[in-house]
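**Q** First the structure, which I've put down as structure tokens, then a few questions once you've had a look.
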């Protein structure tokens, strides 16, 4: 799982963890070029292969 301070997709910097649950972790992030704040949910590796979970 990524950690605060990492960059995702070359354009989002993870600021801090907002919450965790059974499916994944939600981070506060900042778009590096635009400076906009957003939330990004990263699914846990064990649920990525479950089509029903991904559809949710």
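Please treat every number below as a calculation from the coordinates, not as lab data. Values in this document were obtained by computation on a predicted structure and should not be read as measured data. Note that each Cβ is placed from the backbone with ideal geometry, even for glycine, and that neighbours are counted across all protein chains shown.
**Q** If I ask for residues that are assigned to a loop (DSSP other than H, G, I, E, B) and either within 26 Å of residue 53 (Cβ to Cβ) or without any contact (Cβ under 8 Å) to a residue 12 or more places away in the chain (or both), which ones from segment 11-37 would you list?
**A** Within segment 11-37, 11, 21, 22, 23, 34, 35, 36 meet the criteria.
**Q** Test of understanding: among 35, 21, which residue is surrounded by fewer than 12 Cβ atoms within 10 Å (Cβ to Cβ) and at positive phi?
**A** Answer to the check: 35.
**Q** Might you let me know whether segment 42-54 holds any residue that is assigned to a strand (DSSP E or B), more than 9 Å from the chain's Cα centre (by Cα) and in contact (Cβ under 8 Å) with a residue 12 or more places away in the chain?
**A** No: zero hits.
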